[in-house]
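Data first, discussion second: the structure below is written as structure tokens.
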Amino acid sequence: MKKYLPIIKNSKLFSGISEEEIESVLDCLSAEKRSFQKGEYIFRVGEHIVEAALLLEGCAYIQKEDYWGNLSILNEISPGELFGEAYAVPQSEPMVNNVLAVTPCEVLLINLQRIFMVCPSNCGFHTQLIQNLFIAIASKNRILTQKLEHMSQRTTRGKLLSYLSEQSVKSGSSFFRVPFNRQQLADFLSVDRSAMSNELSKMRKEGKLDFQRNYFTLK
């Protein structure tokens, strides 16, 4: 676990807690490290969970699949990010999305319900953890709002430009990398892949942008 202590410390949930203190906190929260292979589900739709997950290594997607098998990628999860927390708190509903390991993943499972219980060890971190959990959930809401801004655009071009503009601002440069291949980007924006590829080609010819695989330059 010591290998991952810097990642854990830099996560929103453990903000303000030192590496020396984290090990005792993890013990208090009954934290357990688990490995998932590429293509394996970390969480599934309909699951009742009591443990949230912190990604230590690898990449995972939060996905939604409808009755007819149409897939939408809701978000990418990177190391240090917490997920499943909205469904791991007391009296929560079952999972409504799948979480898929896109690459081999190392995940730290954390019993969030123990945060809200009286600590038998009288550790002084519960208040900090509750505050951090609230901040993490608020951050997720902001990310969801950003995606809704992309989805509210009426055209495929509008969705693309909204998303690419956000990624450019996020990277602080007109040249940046997106975390999706073409099919994944189409799934994320809920557009047809062919229509999206056509719009990208048109905008390159118009001089609005350039791209090579998943690297983009806005002009």
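Values computed for the structure shown
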quantity: Qualifying residue in the stretch 136-149 (condition: modelled with pLDDT of 90 or more and among the β-branched types (Val, Ile, Thr)); calculated: no
quantity: Qualifying residue in the stretch 177-195 (condition: farther than 17 Å from Leu71 by Cα, modelled with pLDDT of 95 or more and open to solvent by less than 90 Å² (accessible area, probe 1.4 Å)); calculated: no
quantity: Single residue of the stretch 1-35 satisfying the filter (open to solvent by less than 10 Å² (accessible area, probe 1.4 Å) and within 18 Å of the chain's Cα centre (by Cα)) that is nearest to Ile77 (Cα to Cα); calculated: Ser11
quantity: Given (1) open to solvent by 80 Å² or more (accessible area, probe 1.4 Å); (2) more than 21 Å from the chain's Cα centre (by Cα), number of the condition Lys38 does not satisfy; calculated: (2)
quantity: Candidate set: the stretch 138-152, residues that are in a helix (DSSP H, G or I) and open to solvent by 60 Å² or more (accessible area, probe 1.4 Å); chosen: the one farthest from Phe116 (Cα to Cα); calculated: Glu149
quantity: Selection status of Lys159, in contact with a Leu (Cβ under 8 Å, 6 or more places away or on another chain), surrounded by fewer than 16 Cβ atoms within 10 Å (Cβ to Cβ) and among the basic types (Lys, Arg); calculated: no
quantity: Residues being in a helix (DSSP H, G or I) and among the hydrophobic types (A, V, I, L, M, F, W, C) - total across the stretch 153-178; calculated: 4
quantity: Out of Glu166, Glu149, Glu93, sole residue that is more than 21 Å from Ile73 (Cβ to Cβ) and not small (Gly, Ala, Ser); calculated: Glu93
quantity: Residue list for the stretch 196-216, restricted to those being open to solvent by 40 Å² or more (accessible area, probe 1.4 Å), of a type in the set (S, T, N, Q) and not in a helix (DSSP H, G or I); calculated: Gln212
quantity: Among (1) in a strand (DSSP E or B); (2) out of contact with any strand residue (DSSP E or B) (no Cβ under 6 Å at 6 or more places or on another chain) - the single one Asn132 does not satisfy; calculated: (1)
quantity: Hits in the stretch 42-93 (condition: buried (at least 19 other Cβ atoms within 10 Å of the Cβ) and without any contact (Cβ under 8 Å) to a residue 12 or more places away in the chain); calculated: none
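The values are calculated or read from the model by the stated rules, or taken from the named source; none is laboratory data. The shown structure was predicted, so the numbers you read here are calculated from the model rather than taken from an experiment. All Cβ positions, even for glycine, are placed from backbone atoms using ideal geometry, and neighbour counts span all protein chains on display. All accessible areas refer to the heavy atoms of the entire protein, side chains included, with ligands and DNA or RNA removed. Shrake-Rupley method; radii C 1.70, N 1.55, O 1.52, S 1.80 Å.
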